[in-house]
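Mind looking over this structure? Questions follow.
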Amino acid sequence: MNAVAHEPPGAPAAEAVMARAGTENFAVASRLLPRREREQLLAVYGFARLVDELGDAHPGDRLGALDWLEGELDAAFAGRASHPVMARLERTLATHPLPREPFVRLIEANRVDQRTSRYETWEELRRYCSLSADPVGELVLEAFDLADPERIALSNSICTALQLAEHCQDVAEDLAAGRVYLPAEDLQRFGATVDDLHAQHASPELRAVVAFEVERARGLLLDGRPLVAQLRGRARLAVAGYLAGGLAALEAIERANHDVLAGAPQADRAARARHLLRTLLAARR
């Protein structure tokens, strides 16, 4: 891959990238965390968000913009990044080295988005999530010096579930971008079609699909929940917050009767706090 030397016109500013943190299902970096850990998590989040912005909303050549970002990633590892988001990551890498490969997978996920807009099976979608979601959890574990194969596998379940919950919430937004992340086999199973996604409200068939995906995501979250019990202190708080945010998001979808076309159902802070408390208590037991 030949790095693109100059920042592509229209690349989002750091402020716009980081402003999205408040819209996530989970607290990106809890204010209860010490400054050092909080800054590391925000640096990882900023990169992941910048990748998505270039892959989803860049007005020009998105593949070229992603090539530029991979060049910026190499520059950050070398201590000479130029974009403010990447300079922030560079400062984190200088004090706490992280592996390059998970960052590259996040870029590759957005390259996949440029050529793939439909997923026939759950296994196809899960492979996509291994690029688009799982690397973030791996980087979080690396930031706390806790990454090992068992923990990464548990983290992957949580991260894939969070991605699936977001796909359910954002069905209408994704469709507007020309993408459908509900597997075709699941639409067919419940008698729904892509045409159902164009309505103002979800049909009974589409609600059944979303309900199925919600239960699939909840199962993945519960599969990954033992990770919280394996962690201690700040790392436990951070990962418990992610898992709790996912559970609260799924609850919000259910509260909307699985109608994700009328607007993306969002969990409130009280729901996330309630699930966080439950998650932490379960880990202690």
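Taking 0.36 nm per residue of separation and subtracting the Cα-Cα distance, what length does fully extending D61 through V194 add?
So the extension gain works out to 45.1 nm.
Now for a separate question. Once the piece of chain linking L281 and R115 is laid out straight, how much longer is it, given 0.36 nm per residue of separation minus the C-alpha distance between them?
Fully extending the segment from L281 to R115 adds 55.4 nm.
Determine the per residue accessible area of the chain with all protein chains present and a 1.4 angstrom probe, expressed in square angstrom.
Here the residues of the chain average 45 Å² of exposed surface.
If you place +1 on the Cβ of every Lys and Arg and -1 on the Cβ of every Asp and Glu, how big does the dipole about the Cα centre of the chain come out, in debye to the nearest 20?
Result for the chain is approximately 1460 debye, rounded to the nearest 20.
I want to verify a result. In a Gaussian network model of the chain, Cα cutoff 10 Å, which of these has the top mean-square fluctuation: E90, E150, E251?
Fluctuation is largest for E150.
Tell me which DSSP H helices of the chain clear both cut-offs, 27 Å or more of axial length from alpha-carbon atoms and a mean Kyte-Doolittle hydropathy of at least 0.0.
Both cut-offs are met by 149-169, 204-224, 233-255.
R0 = 22 Å: FRET efficiency of R80 with V104, Cβ-based, nearest 0.05?
The pair R80/V104 has a calculated efficiency of 0.75.
Given only helices, namely DSSP H runs of n ≥ 4 each adding -39500 (n - 2.57), what is the per-residue ellipticity at 222 nm of the chain, to the nearest 500 deg cm²/dmol?
Taken over the chain, the calculation gives -21500 deg cm²/dmol.
Here's something else I'd like to know. If I model the chain as equal point scatterers sitting on the Cα atoms and use the Debye formula, what is log10 I(q)/I(0) at q = 0.07, 0.09, 0.13, 0.14 Å⁻¹?
Those come out to -0.25, -0.42, -0.89, -1.03, one per q.
Still on this structure, I have one more. Would you mind telling me the share, in percent, of accessible area of region 100-162 contributed by carbon and sulfur at probe 1.4 angstrom?
48 percent
Heavy atoms only, probe 1.4 angstrom, no DNA, RNA or ligands counted: give me S155, S117 ranked by accessible area, highest first.
Largest accessible area first, the list is S117, S155.
The values are calculated or read from the model by the stated rules, or taken from the named source; none is laboratory data. Just so we're clear, the structure is a prediction, and the values are computed from it rather than from any experiment. For neighbour counting, all protein chains shown are included, and Cβ atoms are generated from backbone atoms with ideal geometry for every residue, glycine included. Side chains included, ligands, DNA and RNA excluded: accessible areas come from the protein's heavy atoms. Shrake-Rupley method; radii C 1.70, N 1.55, O 1.52, S 1.80 Å.
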